[in-house]
1. Which number gives the lysine pairs in the range 304-398 that have C-alpha atoms under 18 Å apart and are eight or more places apart or on different chains?
2. With every protein chain kept in place and ligands, DNA and RNA left out, what is the accessible area per residue of the chain? Probe 1.4 Å, answer in Å².
3. Considering the dipole of the range 381-503 built from charges on the beta carbon (Lys and Arg +1, Asp and Glu -1) around the Cα centre, which of ALA384, VAL497, GLY479 is farthest to its positive end?
4. Identify the chymotrypsin sites (Phe, Trp or Tyr not before Pro) of the range 165-253 meeting these criteria: DSSP loop state and at most 12 other C-beta atoms within 10 Å of the C-beta.
5. Let me understand the range 283-341 better: what is its radius of gyration from the alpha carbons, and its Dmax, in angstrom?
6. Restricting to Cα pairs below 8 Å that are 6+ residues apart, what does the relative contact order work out to for the chain? Please round to a whole percent.
7. To two decimal places, what compactness ratio does the chain give when its Cα radius of gyration is scaled by 2.2 N^0.38 Å?
8. Roll a 1.4 angstrom probe over the protein heavy atoms and tell me the percent of accessible area of the chain that is carbon or sulfur.
Amino acid sequence: MRELIVLSVVLAAVSAAAEDENWRLPLNEKDRILEDNIVKRHNILGLYPSLVEVPRDGGPQDISTATPFSDVAHAVCWTSNHLAGLSYKYAFLKKSGAPAEELAAAKKRVDEVFEGVYRCQRVTGVRGLQARGYFLGHGPVYEERLGSKRSDEWHQGEVDGQPLRWRADPSHHNYSDAIHGLGQYYDLAAEGAQKDRCRDAIDALVSYWVDNDLVIYNLGHVRPEPILGFTDGKTLNTRIMMAIGGAKVAYHATGKEKFKAVYDKLVADYGVRGLKHFETERDYDDAEHVFCHLENLFRLEDDPELRAGYRVVADGLWANHKNDAQSLFTYLYYAVAPDAPDKDKSLKEALYSLQTFPTDMTVRPRMNSLRKDLKPPYPAYLAAWDNEYIWKENLLKPDGWISRTVVDVAVSFEDPNVLFAVDEKGGLYISTDAASTERGWQPIDHALLKPVRAVEAGAKSRIVYVACDDGFYVSTTEGTTWERMPVPSDGGTPQDVLVDPANPNIVFAVTTNGAYRCRDLGSGFVGQSWETLTEGAPASALAIKVAPGSPGRVYALYKTALLTRTLDGGAWTRGGNTGLGYYTEIYPWLAVNPANPDHVVMGAKTHFGGVDVSTLLVQSKDAGQTWDNTRDGVYQKYLKGGYEAVKPMFIQGEIAAPVFAGAKGEVMFAGGEHPALKSVDGGATWQEKTAGFDIPLARTLLAPRNSDWVFSGTPAGLYFSKDGGETWQDGHLCLQFTKNERRELGGAEFADAFWRARFYGFIDDTTAAARYEGK
C-alpha cells in the first residue's frame, strides 16, 4: 500500500540545518567582526555598498569599475545610515570615557564614512546634486557591461585626484537618508574642520532642492523628482516629514533663513501644531526614514507644540511596527517616546533581534515558510534578507534569495569527477572536482545564444551535448566552442539529448514533436547524420521518451494512450488504459527504467476526494500493455473501503518525473514540492529523505548515467547523495544571482541599532559583553 505523503506532516517534521553558532557571540564582539568585514569588503573610500560579490578565490575585494558586482546604486542611503550609527558609537564612547586609542579609531572611521557621503555630492560637478554611489577607476561598470536600462546613468568624474565612475538619477530617499545621517554626524561626531565640511555638505544638499522649488533634478536638469511628491498641500505624510526633517537640520547647521522659511511653511501648511492623529501605510522604507528624522527633530526642536505633533507622528509609525521586533525602530521610538506603553516587551524583542544577528552575512536561501516551529518575527540569523537592509520587514519575510533549480545533471563517461548541470533558466555549468567546492563550478554557456534545457556527457570529458531552445549542439572543447548538430527540423522545441550507454558514438535527440538518432559513422562523425525514430506517430504528444537498450524503445504519450515502438524499427503499438479517465490529468512526462526499457512509469494528478492536488503513479512492465493502479483497480478499492482505502495510493502534491537508480533500477526517487521521496519496493511505499538538506524541498531528482550518485535540485541549490538517497551533501551550485556567485551583506544595520541602544541606555555594559545562550 502506498504511504500518504501529507505536506503539513512533512513540514512539521523539518528541522533546521546546523547553523553557524557565531550569531551567539557577545554584541560587542559581533559589532567588531561586522565592522572589520565592512572595512575589508564594503568600503570604497568610506562609501558603503551593502551587497557585494565576494571573490571565490578568497582574494581581496575589487572596489573598482572592473568588479563583477557591488550594489552602489543604493550606497549613499546605506552609507548615510551607517554614518548615523557610527556617529552614535563615537558619541557613546566619548561620554562613557573610552580609552583615547579606541576613541581616536572611532573618530577616524566615522570621518571616513562622512567623506564617502559627501563625495557623492562632490563627484557630480553640480553643487548639491548627489550621486547614488561610485566606483574607483575608469571605464564601464557591471550595469553597463550587462546592458542595463540604467547604463546611461553612469558618468565619469574625479574627486581629490581619484577617478570615480558614479551613478546618477537620485531619488528623494537618497536625499532624505543623506540629510538625516549628516545631521546626526554634525551634532554627535563632527569636530573642528570636519564640522565645517559637514556644514557645507548640509548646506549644498538641502539648498539643491530648496533653491529648485522643492524639486530634485537628474543630471542635465531632467526628470524632476518633487521632494514632497503628490500632495494636497495640507495632509501630513511620511514624505512631508522627510522634508521637514531635512529643512530643520539645514537651518540648525547653517542658520540660513531660507531653510527656516521652508521649515516654518511646511509645519504650518501640514498642521504639525495641534496634530491629533497620524496614520500611514505599513511602509518600512518610509518608516525608517521618518524615525531617523524624528530623532533629529526631537534633539533640535524646542517648541513644545511641535514636539507634541512629532510625538503623534512617532506614535502613528509605531502602531504599524510595534510587533515586528525591529531593533532600530524600537530604539528610535522609545528614545523619542520614553513613556510609551509596552516598553519592556518591545525592548526585549529588539534585544533578541540583535542577539540573534549573524556575523556571517553571506546571502543564503531561506524558506521559513516551511518551519512550522517558527513564526514571524524570525530570529535575525534566519531572516530572509532583502533590500540590503534587514530592518525593512525582513524579520517578517519568510522566504528569500531562493536558488534557481537544477533540472538536469550529466556525468562524464571518462571521469566521474566531471559533472555538468543545467538550471531552470537555461544556464550550463561544469564542475571538475565532483561538486566538492563552489570554486569548482564554472559556466560554459558563453557561446550559446539560447537557454539550455538538457545536457549529456560524451565519450571524453571534453565532449558535451546540449538541447537548447534553438537546436542541439555539441562541444568537443568542454564548452569553449559549440557546433550545431544537423538534427532534422520538425518545428518542435528541443527537450532532451542522451548518449547510448552501450555506444557513445550514438546520440539521441528529442523535441516536442519527435525523436531522432544519429547514425554511427565512427567517432569523427558523431552527431553529423540523423534518422527519425517517431515517423508515423500522431502529432501533439504530451511527451516523447527514448529508452536506449537492446533493442530499446521510443515512447509517445498522449492524453488517452501510450504508443511505443522498438528502436530496431518495429511497428508502433498502442498500450492499454493509462489513467483514471476524466478524474485525472496526465502529467506531460514519462519515466523509463534504464535497466529495463519496457518498465515505464507515468503520473496522473487529481483533486480526488476534494483535497488538494494528489498524484497517482501508474506503472507498466510490459511497455504499456498492462498497467497497475487502473481506474477499475482504484474503484474496487473504493467500493471496499471508501475514500480512506484509496487515499494511501496517492502522493500529495504535484511531482516531477520520477527517476530510477540502482544497478537494476530497483530504487525510485521522486521530487516536487515536498522532500525527496525514495521507494525501494517499486513505488508501493515512499519514505522522505531529508538528512543533509538545508531546505528540504526536492524539486527535481536526477540519477544520471555513469554515476551511482543521486542529485536533487532544491531551493538551496544542488545537492547529491552517495548512499542511495539516505543522506545528502551540498553540491555547491547555488544559483541565486546571474551565475554561481557568492554575495554578502555588510551588516552595517547592526551598528545602526546597537550603538543607538548603547547611547540611549537600552543596552548596558553587562548585556553588551554577554554571549547569548538562549533558544
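The values are calculated or read from the model by the stated rules, or taken from the named source; none is laboratory data. Bear in mind that the values here come from a model prediction, so they are computed numbers and not experimental data. Glycine gets a Cβ as well: all are built from the backbone with ideal geometry, and neighbour counts include every protein chain shown. Each accessible area value is taken on the protein alone, full model and side chains, heavy atoms only, with ligands, DNA and RNA left out. Shrake-Rupley method; radii C 1.70, N 1.55, O 1.52, S 1.80 Å.
1. Total qualifying Lys-Lys pairs in the range 304-398 comes to 11.
2. Values: 30580 Å² over 775 residues.
For the chain, the solvent-accessible area averages 39 Å² per residue.
3. ALA384
4. PHE230
5. Here Rg and the maximum Cα pair distance are 10.7, 31 Å.
6. Working: 1713 pairs, mean separation 104.3, N = 775.
Result for the chain is 13 percent.
7. Relative to the rule-of-thumb radius for its length, the chain sits at 1.14.
8. 50 percent
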